[in-house]
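Colleague: Before I ask anything, let me first share the structure, which is written out below as structure tokens.
The values are calculated or read from the model by the stated rules, or taken from the named source; none is laboratory data. These numbers were taken from a predicted model, which means no experiment stands behind them. Positions of Cβ are generated from backbone atoms using ideal geometry, with glycine treated the same way; all protein chains shown enter the neighbour counts. Quick note on the areas: whole protein, heavy atoms, side chains included, nothing else; ligands and nucleic acids left out. Shrake-Rupley method; radii C 1.70, N 1.55, O 1.52, S 1.80 Å.
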Amino acid sequence: MSKYELRKKLRYFYVSLFTAPIGQILLFLFYEVGKINPLLSNFLAVTISTTPNYLLNRFWVWKRRSTTNIRNEILPYWMLAFLGLGISTIFVYLADSIWDTWIAINLANAVGYTLLWGAKYFILDKYLFKESSTSSPRKINSL
């Protein structure tokens, strides 16, 4: 694996380290503080936290500077986000039916997203943000 690829994977990991807590905090606030239904809380948290995740992945991880294409980039990205939402919602539903605590809800959400995390990197790298065959990887001096 080249240094470029390793740095890109590390940046993807860092984006997740930054945005996952945003989703977890939002989920806690909606569910525990706002007393909103756990499924709606999960939906709101995922929907809100997907935007910074997309922007950081697009601009920092994959260094995309071109005009955003809704059909080829934003729509597929949101489809991936909603796949994660679907998986995490199943986990949240099951956790809520067994335990009545915000900790179980947040853990269920995190487990649901963790299951998709590696596959999401592969899809983003190979299809959504793939580099054109005519361009070579840029040199990157810092993470």
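Colleague: Could you provide, to the nearest whole Å², the per residue accessible area of the range 1-63 with probe 1.4 Å?
Modeller: 51 Å²
Colleague: Can you give me the distance in nm between label points at LEU83 and SER66, each placed 7 Å from the Cα along the Cα-to-Cβ direction?
Modeller: Going by the 7 Å Cα→Cβ label model, 2.2 nm.
Colleague: Which residue, GLY112, TRP102, ASN37, has the largest displacement toward the positive end of the dipole of the range 1-126 when charges sit on each Cβ (Lys, Arg +1; Asp, Glu -1)?
Modeller: GLY112
Colleague: Let me ask you something else. At 222 nm, what value in deg cm²/dmol follows for the chain if DSSP H runs of at least 4 each add -39500 (n - 2.57) and the sum is divided by all its residues, to the nearest 500?
Modeller: -22500 deg cm²/dmol
Colleague: Of all accessible surface on the chain at a 1.4 Å probe, what whole percent is carbon and sulfur?
Modeller: 69 percent
Colleague: Could I ask something else about it? Just give me a number: lysine pairs in the chain, eight or more positions apart or cross-chain, with C-alpha atoms less than 12 Å apart.
Modeller: So the count of such lysine pairs works out to 6.
Colleague: Hey, what do the phi angles of the range 78-90 turn into as Karplus ³J(HN,Hα) couplings, whole Hz, using 6.51/-1.76/1.60 and θ = phi - 60°, x for Gly and Pro?
Modeller: Listing the rounded values in order: 5, 5, 5, 4, 6, 5, x, 4, x, 5, 5, 5, 4 Hz.
Colleague: Here is a follow-up. Which one, (1) 1.14; (2) 1.63; (3) 1.21, gives Cα Rg over 2.2 N^0.38 Å as derived from the coordinates shown?
Modeller: (1)
Colleague: Would the range 1-73 count as rounded, prolate or oblate if I go by the C-alpha gyration tensor, calling it rounded below 1.5 in a/c and otherwise prolate when a/b exceeds b/c, oblate otherwise?
Modeller: oblate
Colleague: Explain nothing, just compute: Karplus ³J(HN,Hα) = 6.51 cos²θ - 1.76 cosθ + 1.60, θ = phi - 60°, for every residue of the range 43-54 in order, whole Hz, x for Gly and Pro.
Modeller: 4, 5, 4, 5, 4, 6, 6, 5, 5, x, 5, 4
Colleague: Now for a separate question. Going by amide H atoms built from the backbone, whose H comes under 5 Å of the H on ILE36, apart from near neighbours?
Modeller: Placed amide hydrogens put TYR31 under 5 Å from ILE36.
Colleague: Would you work out the charge dipole size for the chain about its Cα centre, treating the Cβ of every Lys and Arg as +1 and the Cβ of every Asp and Glu as -1, and quote it to the nearest 20 debye?
Modeller: So the dipole magnitude of the chain works out to roughly 1000 debye.
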